[in-house]
Amino acid sequence: MKSKEVREKFIQFFKKKEHKIVSSSSLIPEDDTVLLTTAGMQQFVPYLTGEKSVLSEFKTRHLASVQKCFRTLDIEEIGDDTHYTFFEMLGNWSIGEDEEKGYFKKGAIELAIDFFVNEMGLSKERIYVTVFKGEKGIPRDDEAISIWTDKGFPKERIAEFGTEDNFWGPTSETGPCGPCSEIHYDRGQEYGCLEDCGPNCENCNRFVELWNLVFMEYNMEKDGSYTKLPQKNIDTGIGFERLVSLLQGKDSAYETDLFSSAIKKIEELSGKRYEENKKEFRVIADHARGSIFLIADSVLPSNKGAGYVLRRIIRRMIRYKKEMGIESLNEIVDIFIKEYSEFYHELENKNILKVIQEEEEKFEKTLEDGLKELKRIQEKGAMKNDKIDAGDAFYVYQTFGFPLEMIQEELEKSGLSVDEEKFKEAFYKHQEISRKGAEEKFGGLSKDVGEDEAKLHTATHLLHQALREVLGDHVIQRGSDINRERLRFDFSHSQSLSKEEIMEIERIVNEKIKEDLEVKEEKMSLEKAREKGVIALFQDDKMGDISVYYIGNFSAEACGGPHIKKTSELGKFTIKKEESSGAGVRRIKAVLN
Ligand code: SER
């Protein structure tokens, strides 16, 4: 069955079953506790908790949707059979159980069997289900077990699992959640490890998990406890890519009609074969598809939040396309735009290609220089036990803005790696030095620092961000010095700036001054800073709280202060000089009048 037909049949089936079909919400959720939309239920949270009335909004308790989703947790896993950044989820909801009109476990289970067996043509005998076995103070789901049994599922095809597998949600720290039943499909013994393995087997992929039926009756509170929701809900989700793979008899969606034209195009452009370069082809295809959907939802590459996710996948895609010897991504991107815009009209936005091209231009230069430097480091023979010096790797990170994951991937190709712990030590040491430097200059001495210096300091943050926007995010502060008259700023960049670039940087800084942005300080852990989009590339947080200064939404930078309160106090910003300050480092002197 063609993927388009699967979507269409799903919609028609739930229409027939008197569900209102709701359009997909944006990948950028309204609810700001999550960065991106990761499940179909997200747009319905206020209705699921009972905070808003589903009947007033939708005139029915029964909803269904085909939802765009995006998950970033496993970007590094992209390339295997089953991971994608962007994916679609088909789901149906019954919000607020109602004796007469709503349905709960029985109704949800009946609909699922009906759709899979009668519409998708799956064999009922191959369907296995899982149910919640009871754990953490929440009882075993006897009700679901007896419904499945009544529907003709023998004991051997009903497996019980705990919270890890059969309790779903919430999507953030708090929110609606509940025990669930999952529908798995047996692809046959030839895919299995042991004769009697079953759903959730860790050693083989004989069973594919297709549909998650969540019996949502709890809310997770801030302290981690569960309270009962004022109403019961059904929340279900089918992994569209997985269902399509199964229906088309493939191990992976990359081999289905969702990707086949793009994969063919990549073969044509690279002159290489998919079979021999699966990982590279899949990364390019996945990231191209993911990028167009983010851009269509108004995300632009940046160093913050969703913009940073987009920048990461575009840059990763560019690295892989170079490796495959592909000149331009345009045709590949275009295939996805054309195919998906039939269903998702927001993709008809003409700017998508342009956004990707601009990001590519910015990245191109940095990439070349950084890869050369990494090669040089490898050749220098500075490795011990197949590890390169963490300080050298940190230099590449700092100078060229290569994330650690990218450095590791590059090194891996020649059997090398960098010790992550040592790398992080180098990072924290650098942070500590920058912090001390800032404190010596400004920190705790704010009374002694004149108004003019504080203004120039705020202007320095604006300049830093403007440089990154114009030149690329390899630009990182390498030094800063302020006196009453001028600021001096050293940053990583290997070429002199053109007149146009200087004018553009000045223009951006002055525009931000005119916008009269507020300057605000917030204390937070490094981890929190990263979540909020202040650039910080590591998962763990070993330092205490840091101060982050926000200038409107334009700049967010960790520093010791002090700053002025509003950018309109700065006056006019002018760059007086741009010169070299050592290898790969440029220096700008600028004034405010
Ligand atoms: N919210 C559940 C999931 O994401 C069912 O849609 O799996």
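Quick notes on this structure:
- Net charge, L592 excluded, C-beta distance under 9 Å - Lys, Arg +1, Asp, Glu -1: +2
- Partners for K380 among lysines (Cα-Cα distance below 21 Å; same-chain residues under 8 apart left out): K372, K413, K422
- Highest-first arrangement of 50-56, 392-398, 75-81, where packing means the average Cβ count within 10 Å: 392-398, 75-81, 50-56
- The convex hull of the Cα atoms of segment 240-328, projected and averaged over all directions, covers 6.2 nm².
- Angle in degrees between helix 105-114 and the longest Cα principal axis of the chain, rounded to the nearest 10: 80 degrees
- CD proxy at 222 nm, helix term only [per DSSP H run n ≥ 4: -39500 (n - 2.57); per residue of the chain; nearest 500]: -12000 deg cm²/dmol
- Any cysteine of the chain lacking a neighbouring Cys Cβ under 4.7 Å - listed by number: C69, C177, C180, C559
- Under 5 Å, built H, 5+ apart or other chain: amide partners of G175: M220
- Gyration tensor verdict on segment 41-174 (Cα atoms; rounded if a/c is under 1.5, prolate if a/b is larger than b/c, oblate otherwise): rounded
- Residues whose amide H comes within less than 5 Å of that of S480, counting only those at least five positions distant or on another chain, are D490 (H built at 1.01 Å from N in the peptide plane).
- Between the C-alpha center of segment 289-322 and that of segment 200-266 there is a gap of 24 Å.
- Backbone HN-Hα couplings from phi across segment 162-179 [Karplus 6.51/-1.76/1.60, Hz, Gly and Pro as x]: x, 4, 3, 9, 10, 9, 10, x, x, 7, 10, 5, 10, x, x, 7, x, x
- Cross-link partners of K577 among aspartates and glutamates, defined as those whose alpha carbon lies under 15 angstrom from its own and excluding same-chain residues fewer than eight positions apart: D481, E485, D490, E500, E501, E504, E506.
- By average C-beta atoms within 10 angstrom, highest first, the peptides 128-139, 470-481, 253-264: 253-264, 470-481, 128-139
- Sum of side-chain charges, E504 neighbourhood, beta-carbon under 11 Å (Lys, Arg +1; Asp, Glu -1): -3
- Counting every pair of alpha carbons in the chain, the share spaced more than 41 Å apart comes to 35 percent.
- Distance between the C-alpha centres of segment 32-77 and segment 100-158: 23 Å, rounded to the whole angstrom.
- The Cβ shell under 12 Å around E255 holds other residues with a net charge of -1, Lys and Arg each +1, Asp and Glu each -1.
- Annotation: amide H of C180 within the under-5 Å range of F132, F167, W168, F215, sequence separation 5 or more or interchain, hydrogens built in the peptide plane.
- With the highest mean first, a sort of the peptides 287-293, 575-581, 246-252, 205-211 on other beta-carbon atoms found within 10 angstrom per residue produces 287-293, 205-211, 246-252, 575-581.
Only the coordinates and a few stated rules stand behind these numbers; no lab work does. Source: prediction; values computed, not measured. Because the Cβ atoms are built from the backbone with ideal geometry, glycine has one as well, and the counts that use them run over all protein chains shown.
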